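The next block holds one structure in the form of structure tokens; read it before the comments.
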Amino acid sequence: MEPIDEAARARLAAEMELQRAALNKRWRHIAAEADIAYETLRAVRKGPGGIPPFTRRRIEIALQWPVGRIDEILGDSTTATEATERARLADIAMLLDPERIIEKKLRDDPVEHDIASVPDAPEDFVWAAIFRYRTRLANEYRARLEAQNHPDASAG
């Protein structure tokens, strides 16, 4: 991993701060959504050292940026395509582990945790409520992606 020059790091930190503020989230919330340690996120913003491709992709997802945005900000276009592909494959592998997903969602999502913690609730009731919640989240995410990929359609 190549070190990042100070000017590029400052650009990245400024862009991340603007996006974080636009999303009205705290850094700890961004780190949790990226599934990285808060200290790792701070090191990405403040330096020193390089940023692994997988970490870049996780941060982009948490900041609701398109894949490759961090590479673009850093001017790291030579490795962007390779890194993006490796990160995409790693994300796919992670997504294919359903037990990890369920455990992480129940642990990290306060709504799902609350649903799963209802005393004496039948298991089928709990899973139906979680499914409805996840469906709503997926529809909201899909709408955001469509608006991001087709800004003209949402303007009219």
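The values are calculated or read from the model by the stated rules, or taken from the named source; none is laboratory data. Because the structure is a prediction, the values reported are computed rather than measured. Virtual Cβ from ideal backbone geometry, glycine too; neighbours counted across all protein chains shown. All accessible areas refer to the heavy atoms of the entire protein, side chains included, with ligands and DNA or RNA removed. Shrake-Rupley method; radii C 1.70, N 1.55, O 1.52, S 1.80 Å.
Just to make sure I understand: if all protein chains stay in place, what is the order of Asp35, Asp114, Asp109, Asp120 by accessible area at 1.4 Å, largest first?
Largest accessible area first, the list is Asp120, Asp114, Asp35, Asp109.
Given the peptides 133-145, 39-51, 55-67, arrange them by the average over their residues of other C-beta atoms within 10 Å, most packed first.
Highest to lowest by the protection proxy: 55-67, 39-51, 133-145.
Report the calculated FRET efficiency for Tyr38 and Ala121 (r = Cβ-Cβ distance, R0 = 35 Å), to the nearest 0.05.
The pair Tyr38/Ala121 has a calculated efficiency of 0.60.
Using the Karplus curve 6.51 cos²θ - 1.76 cosθ + 1.60 with θ = phi - 60°, what ³J(HN,Hα) values do you get for each residue of segment 128-139, in whole Hz, with x for Gly and Pro?
Once rounded to whole Hz, the list reads 5, 5, 5, 4, 4, 4, 5, 4, 4, 4, 4, 5.
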